[in-house]
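Reviewing the structure listed below.
The values are calculated or read from the model by the stated rules, or taken from the named source; none is laboratory data. Because the structure is predicted, anything quoted here is derived from the model rather than measured. Here the Cβ positions follow ideal geometry from the backbone for every residue, glycine too, while neighbour counts run over all protein chains shown. Note: accessible area is taken over every heavy atom of the protein model, side chains too, but ligands, DNA and RNA are not part of it. Shrake-Rupley method; radii C 1.70, N 1.55, O 1.52, S 1.80 Å.
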Amino acid sequence: MTQENVLDGLIRQRIRGLRLARGWSLDALAARCYLSPSTLSRIETGHRRIALDQLVPLARALGTTLDQLVESAEDEDVVIRPEPEHTRGVTTWLLSRERALHGVSVAKMRITPQRVVDELAVHPGREWFTVLSGTARLRLGERTIEVGAGEAAEFSTMVPHAIGAADGPVEILTLFDHDGERAHLHDPEAT
């Protein structure tokens, strides 16, 4: 089977899967993308060639992008084996690849009380984290908030901020937007 046939089959599966995930009949999706139900059925089953002028309205109707609908299914790099980066009091494992989906990076961080933050960071964007173990000390401007295991925090990074360990080591799973990744993961002096 050629790579083109494999991708063609995958696109058909995605169309059908997204339609079913939304609970739509062939008639419902066909009405949303201005195709006949029989044409849509033949596209899903492989009895009709998929044309670009059909894919664009299908993607739009299914709430996805053309890029996502036709992206390759190569999974040779599914497993990420993160290499830890160490700075004083912080070990970080980047769990997503560069240019991650929608510009969001995922990282696991282990923060110890040895982390000393003299100046709070400020940068555009938002940050989110959940505590896996221990207690995190979140400094937001003049406030200090303790976030325990199983709890999560989300905040604007335009507020001066820092995350530290409260009483012992803390492990967090965090999401950064592009600005947050640049500030927190590529600058060892940042918090």
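Observations on the model:
- On a per residue basis, segment 1-41 carries 63 Å² of accessible surface, using protein heavy atoms and a 1.4 Å probe.
- Packing, taken as the mean count of other beta carbons within 10 Å per residue, orders the peptides 148-159, 127-138, 105-116 from highest to lowest as 127-138, 105-116, 148-159.
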